[in-house]
Amino acid sequence: MSSFPIEHKIDFPQCERLERLRSQMRAMGCSLAVIAPTDQMRYLIGWAEPAHERFLALLVPVDGMARLVVPALNYEDARGARLCVSDIQGWDDATGWEPLVIEVLQRIRPGDSVAVDDELPSGHLIRLQRLAPGLEWRPLAPVISPLREVKTAQEIEKLQLSARATDGVCSAALRDLQTGMTELELQEEIRRAYQQRGVEPGFAIVCFGPNSALPHHRSGSKRLAEGDLVLLDIGCIREGYWSDITRTAAFGEVDPEAARIYRIVREAYQAALEAVRPGVPCEDIDAAARRVIERAGYGALFVHRTGHGIGMSGHEAPFIVKGNREELKEGMVFSIEPGVYLPGRFGIRVENIVAVGPAGAVSLNADPPAELPVVEPI
């Protein structure tokens, strides 16, 4: 993914989320959670700052006061953020962070379980394990994902606003295609368009011609020529919540096979959309899209999952993929993005973000075109 730099803070009442985390920890037999300065921390306390190589973590015992351990460089920022965590401890490079953490670890009984943020650097985890060798260490994702993946009405509203901003930027980018422009030039136009709308650019994958057959192409110097397919996969962050959309269009003359495959991919998208409802396993949504593409003879060229959850992270649970038997719940939000990729020729993908409503899917984006859009060369 070609990413733009992102730095953002979110201001939420967080104490209720910490209590929900503790309830989940009790249900799963965890005595302590260790949260890195990631979207997990932002979700729980509304604050996180990059610590680079230094240790920064939120320690949440299942009972008792949470402790935020931060480098001295971040201490005043954390204290000024009006967090619901009152125990904020700073450490300096001379003394290190271990004394502040061992105080918490010593309250955990030998053999108890500690859930560790999946994004905590491995070097920090190894040092934690050496401080408390008698504890059981497990990933945090199964503990916190059930909390994050079901969105509140307010969260869905933020996701809707982010999706609308991306709808507008994507439509404008396709209208503004010009012969000879490079992928990087269009990527920069997209970044500026987001800024002009007052939202934070997130990422932009811009693919011209054969590069559209690379699902995560790194945009480069390829110039747009008549007859190219254009694939745009873009997103932004608005009020802390991501958007993500993919659209494919023809620039000038349309390859008949591309037009046919577009209809197949669009049908696969629609089949997945119509399969969404509470109680349906995630893998059934993937299967609904995949059946359409396999029936058309392109199954081997659909090389990725059908979708991923989205919220404060660009990719989060639930994952719409074979083998995931988790049942959809009202309030889950995820992408539906089937694709077919012919190496060296072209690729076609259609993607919208959808929320699970009481009766089925509600798309947060405008409907993708029924037929392959054509942009006349300028």
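None of the figures in this text is laboratory data; all of them are computed from the coordinates on show. Keep in mind it's a predicted model, so treat the numbers as computed, not measured. Cβ: placed from backbone, ideal geometry, glycine included. Neighbour counts: every protein chain shown.
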Note to self: Given R₀ = 30 Å, what would the calculated FRET efficiency be for residue 94 paired with residue 65, taking r from the Cβ atoms and rounding to 0.05?
What the structure shows: 0.70
Check: Cα axis of helix 15-28 to longest principal axis of the chain: angle in degrees, 0 to 90, nearest 10?
Finding: 80
Checklist line | Distance between modelled label sites at residue 147 and residue 178, nm, 7 Å Cα→Cβ extension | finding: 5.0
Notebook entry, point to check: Which percent, to the nearest 5, of DSSP beta bridges fully inside the chain are antiparallel?
Noted result: 75
Note to self: What does the extension gain come out to for residue 119 and residue 257, with contour length at 0.36 nm per residue minus their alpha carbon separation?
What the structure shows: 45.4 nm
Next item on the list: When a/c is below 1.5 the answer is rounded, else prolate if a/b is larger than b/c, else oblate, so apply that to the chain with a ≥ b ≥ c taken from the square roots of the Cα gyration tensor eigenvalues.
Entry: prolate
Notebook entry, point to check: What shape does the range 190-251 have by the C-alpha gyration tensor, where a ≥ b ≥ c are the square roots of the eigenvalues, rounded means a/c under 1.5, and otherwise prolate means a/b greater than b/c and oblate the rest?
Noted result: prolate
Margin query: Take residue 277 and residue 73, extend 7 Å from each Cα along the Cα→Cβ direction, and tell me the distance between the two endpoints in nm.
Written below: 5.4
Check: Hey, got the dipole for the range 15-147? About the Cα centre, +1 on K and R Cβ, -1 on D and E Cβ, debye to the nearest 20?
Finding: 400
Check: Which one of 220, 347, 235 has the biggest mean-square fluctuation once the chain is modelled by GNM with Cα springs under 10 Å?
Finding: 220
Checklist line | Antiparallel bridges, percent of DSSP beta bridges restricted to the range 266-352 (to nearest 5) | finding: 100
Note to self: Which of rounded, prolate or oblate describes the range 15-147 when judged by the alpha-carbon gyration tensor and an a/c cut-off of 1.5?
What the structure shows: oblate
Next item on the list: Pick out which of 330, 53, 19 has the largest mean-square fluctuation in a Gaussian network model of the chain, springs linking Cα atoms closer than 10 Å.
Entry: 53
Next item on the list: Report the Cys residues of the chain lacking a disulfide-compatible partner, meaning no second Cys Cβ under 4.7 Å from their Cβ.
Entry: 30, 170, 207, 236, 282
Next item on the list: Work from the charge dipole of the range 15-147 (Cβ charges, +1 for Lys and Arg, -1 for Asp and Glu, about the Cα centre) and give the residue of 45, 56, 81 farthest towards its positive end.
Entry: 45
Next item on the list: Convert 37 °C to kelvin, take the viscosity as 0.692 mPa s, use the Kirkwood radius over C-alpha pairs of the range 223-378 as Rh, and evaluate the Stokes-Einstein diffusion coefficient in µm²/s, rounded to a whole number.
Entry: 207
Note to self: If I stretch the segment between residue 192 and residue 23 completely, what's the gain in nm (0.36 nm per residue apart, minus their alpha carbon distance), one decimal?
What the structure shows: 56.5 nm
Check: Using 0.36 nm per residue, how much length does the chain from residue 103 to residue 38 gain when fully extended, once their Cα-Cα distance is taken away?
Finding: 21.1 nm
Check: What's the FRET efficiency of residue 374 with residue 303 using the Cβ-Cβ distance as r and R₀ = 35 Å, to the nearest 0.05?
Finding: 0.85
Item checked: Percent of beta bridges antiparallel (DSSP, the range 15-147, rounded to nearest 5) -> 35
Item checked: FRET efficiency, 1/(1 + (r/R0)^6) with R0 30 Å, evaluated for residue 130 and residue 86 via beta carbons -> 0.55
Next item on the list: State to the nearest 20 debye the size of the charge dipole of the chain about its Cα centre, where the only charges are +1 on K and R beta carbons and -1 on D and E beta carbons.
Entry: 560
Check: Relative to the longest principal axis of the chain, what angle (0 to 90°, nearest 10) does the C-alpha long axis of helix 183-196 take?
Finding: 60
